[in-house]
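Notes for the one structure printed next.
Every read-out reported here was derived from the displayed coordinates using simple, explicitly stated rules and does not represent laboratory data. These numbers come from a predicted model, not from an experiment. In this analysis, Cβ positions are derived from the backbone assuming ideal geometry, glycine residues included, and neighbour counts consider all displayed protein chains.
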Amino acid sequence: MSDNIIQVNQEVIHTELKDLVRNSVEEALNAMLDAEADRLVNADRYAREEGRKGYRSGHYDRSFTTASGEVNLRMPKLKGLTFETSIIER
């Protein structure tokens, strides 16, 4: 039985968990930014809607520092509208 000893490296676990949280936060924030842009434009991405208020015009990258590290946000650019997010305060 003494041959089955498992050693846990807490530093590796801490780093992996921190990366997992950072990636989850990054994905969630980017999804929220996309949803907010869809709501402002009044149409889904690539959709042809009659009530459309504007158009997507790509995105620009922005870094945002969290407790888990720096995340990369893809800030939507819009034509015909100004994108001011309510998710992240300036």
Under 5 Å, built H, 5+ apart or other chain: amide partners of LYS77: SER57, GLY58, HIS59, TYR60
Structure-derived Kirkwood radius over Cα pairs in Å: which label, when the choices are [x] 15.6; [y] 13.5; [z] 14.9: [x]
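What dipole magnitude, in Debye to the nearest 20, does the range 10-79 give about its Cα centre under +1 on Lys/Arg Cβ and -1 on Asp/Glu Cβ?
Roughly 540 debye for the range 10-79.
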C-alpha long axis of helix 10-41 to longest principal axis of the chain, angle in °: 10
LYS77-ILE5 FRET efficiency (beta carbon distance; Förster radius 35 Å; 0.05 resolution): 0.05
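At a threshold of 8 angstrom on Cα-Cα distance, excluding pairs fewer than six apart, so keeping six or more, what relative contact order does the chain reach in percent?
Worked out over the chain, it gives 28 percent.
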Unit charges at the beta carbon, dipole of the chain: most positive-side option, THR82, SER24, SER63: THR82
VAL12 paired with ILE88, simple spin-label distance in nm, labels 7 Å along Cα-to-beta-carbon: 3.3
